[in-house]
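Shown next, in structure tokens, is the structure this report addresses.
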Amino acid sequence: MNDRDEILAAVHKIMLEMFEIDAGQVTLEARLYDDLDFDSIDAVDMIVKLKELTQRELKLEDFKTARTVGDVVESIFRIMNP
């Protein structure tokens, strides 16, 4: 997962499988808490799953400012491409 498209695909898959979010709702602009009804536990669960997929050390602090799906993609991209 080195490019943004691969990362978005992984995030999209996680959201569909783990949170049963409609595929059409998962866009780069979708707001996690407002549009997708995420809560803090959902965010932690997603980070744990992303950690498994990336095989990288991910910390909650890396995602504190993430408000949209695009923010999550950018955070993962920065971690994967230091």
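In loop segments of the stretch 49-82 as defined by DSSP, the GluC sites (Glu not before Pro) with at most 14 further C-beta atoms inside 10 Å of their C-beta are 57. Taking 0.36 nm per residue of separation and subtracting the current Cα-Cα distance, fully stretching the chain between residue 29 and residue 51 would add 5.7 nm. Principal-axis analysis of the Cα atoms of the chain puts helix 4-19 at an angle of about 50° to the longest axis. Taking 17 Å as the straight-line reach from the Cα of residue 51, the aspartates and glutamates in range (excluding those fewer than 8 positions away in the same chain) are 3, 6, 17, 42, 61, 62, 71, 74. Our analysis of the chain gives Rg over Rh at 0.91, with the two radii drawn from alpha carbon positions and Rh computed by the Kirkwood formula. For the stretch 22-31, putting each phi into the Karplus relation 6.51 cos²θ - 1.76 cosθ + 1.60 with θ = phi - 60° gives couplings of 4, 4, x, 7, 8, 10, 4, 7, 4, 7 Hz, in residue order, rounded to whole numbers and with x for Gly and Pro.
Here the contact order of the chain, divided by its residue count and restricted to Cα pairs under 8 Å and six or more residues apart, works out to 41 percent. Annotation: amide H of residue 68 within the under-5 Å range of 32, sequence separation 5 or more or interchain, hydrogens built in the peptide plane. Helix 40-54 sits at what angle to the longest principal axis of the chain, using alpha carbons and giving 0 to 90 degrees rounded to 10? That helix lies at roughly 40 degrees to the long axis.
Candidates 41, 76, 11 compared by Cα position along the dipole of the chain: farthest toward the positive end lies 76, with charges placed on Cβ. Summed over qualifying helices (DSSP H, 4 residues or more, each -39500 (n - 2.57)) and divided by its residue number, the chain shows a 222 nm mean residue ellipticity of -17000 deg cm²/dmol. Taking the 1.4 Å solvent-accessible surface of the chain as the whole, the part contributed by carbon and sulfur is 48%.
The values are calculated or read from the model by the stated rules, or taken from the named source; none is laboratory data. None of the values given here were measured: they were computed from a predicted structure. Don't worry about glycine lacking a Cβ; one is built from the backbone with ideal geometry, like all the others, and counts go over all protein chains shown. Note: areas computed on protein heavy atoms with side chains; ligands, DNA, RNA excluded. Shrake-Rupley method; radii C 1.70, N 1.55, O 1.52, S 1.80 Å.
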